[in-house]
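The next block holds one structure in the form of structure tokens; read it before the comments.
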Amino acid sequence: MASQGGEMVFLTYVDGARVRIGFFQLGTTHWFSEPIEVDYSRPHQLDVQLGALNPPSSHPVYSGQPLKLRKDADQVVKITWDGKIVYQTNLDFGMRHGERYLLGENSFWTGISAPRFNGAILGVKQHPFVLESSKKSSTDYGAWRLRVRFPNDAKPGRYDPLLVSGVTGAGDFCNVFYPAPGKIAFSHDAWGLGGSASATYTVDLAQEHLVEIDHGGLYPDPDVNTTTPQWAEAARGMQNRVRVLLNGLVVMDVGDQVHRAAPETVTLGENLLGGSSTAARFSGALISAEKIKE
């Protein structure tokens, strides 16, 4: 599938029994799944949900819905293979809605894939658009893993949001900042409570990097009787603690105070709370984001 605005979902063939699913967005993302086993003798089902394919904001389905829920829907990327989610993240599609797209062919973005799918498309079904509830399940607690490319032109001293949680007046801001060209550091700021900063690290700005962020505010209250033992234990382990890993290396592990936040308040690469300790938006490329499974 290829969209006129700059997205593409495609397959690459690993060997006679496996494929990779790829997702491309012009200027930001070029992602591949891990190899997926396939049976070439039977049909498979691919479901694609992109914010750019949603109806315009004037559609009745949006009426009376919270702004954040509408914004989340407009940024969704969700790719499912045979009923299993293989890629899910949020990306900026700008103001595009109802995007024109092609199925089984690519005449928009040469060089990313072959011009035509060489298998057989046995059927196509467009699902009705449903604005999903913003309520999250208990599995949405905990740490996040972000795949990013840091900006190569950031002004020294700029702070960019990576993960923001909570509400205005009681939020937490996990940021990256740029002390000098080619160097980054991380910071945490809890609204009204202060925070900490990491040491400075040299990074290759041409490469993608994995950033893992965890803090106590991302967990439920361990002393509430509706909290499962699993999450209560995890919450106690992260109480008043902020931890950041860069490419698997712990670069920040501090005992900061945090605000407990509902999972649906978490935003990635954006500061919607209006906090002054960071910019409004991450100035690099947020390639993917996923919850880290406990």
Plugging the Cβ-Cβ distance of VAL124 and ASN247 into 1/(1 + (r/R0)^6) at R0 = 41 Å yields, to the nearest 0.05, a FRET efficiency of 0.55
Choose one answer from SER187, SER165, SER58: the residue with the largest mean-square fluctuation in a GNM of the chain with alpha-carbon springs under 10 Å.
SER58
Could you list, bin by bin from short to long, the percent of Cα-Cα pairs of segment 159-203 in 5 Å steps?
6, 24, 27, 22, 11, 7, 4
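Using only alpha-carbon positions, what ratio does the radius of gyration of the chain give when scaled by 2.2 N^0.38 Å? Walk me through the intermediate numbers first.
Numbers: Rg = 20.3 Å, N = 294, 2.2 N^0.38 = 19.1 Å.
Ratio of Rg to 2.2 N^0.38 Å for the chain: 1.07.
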Quick numbers on segment 2-102, Rg and Dmax over C-alpha atoms in Å, give 15.3, 50
Log10 I(q)/I(0) at q = 0.10 Å⁻¹ for segment 49-142, from Debye over equal alpha-carbon scatterers, is -0.35
Full-extension gain in nm, LYS155 to VAL203, via 0.36 nm per residue minus C-alpha separation
15.7 nm
Quick calc, ILE85 & SER63: beta-carbon distance into FRET formula, R0 25 Å, rounding 0.05, result 0.30
Do any trypsin sites (Lys or Arg not before Pro) in segment 244-294 lie in a DSSP loop with no more than 13 other beta carbon atoms within 10 Å, and if so, which?
LYS293
May I have the extent of the alpha carbons of segment 138-291 along their three principal axes, as whole Å values ordered from largest to smallest?
49, 30, 24
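FYI, it's all coordinate maths here, none of it is from the lab. Just so it is clear, the model here is predicted, and its values are computed rather than measured. Note that we place each Cβ from the backbone using ideal geometry, even for glycine, and neighbour counts take in every protein chain shown.
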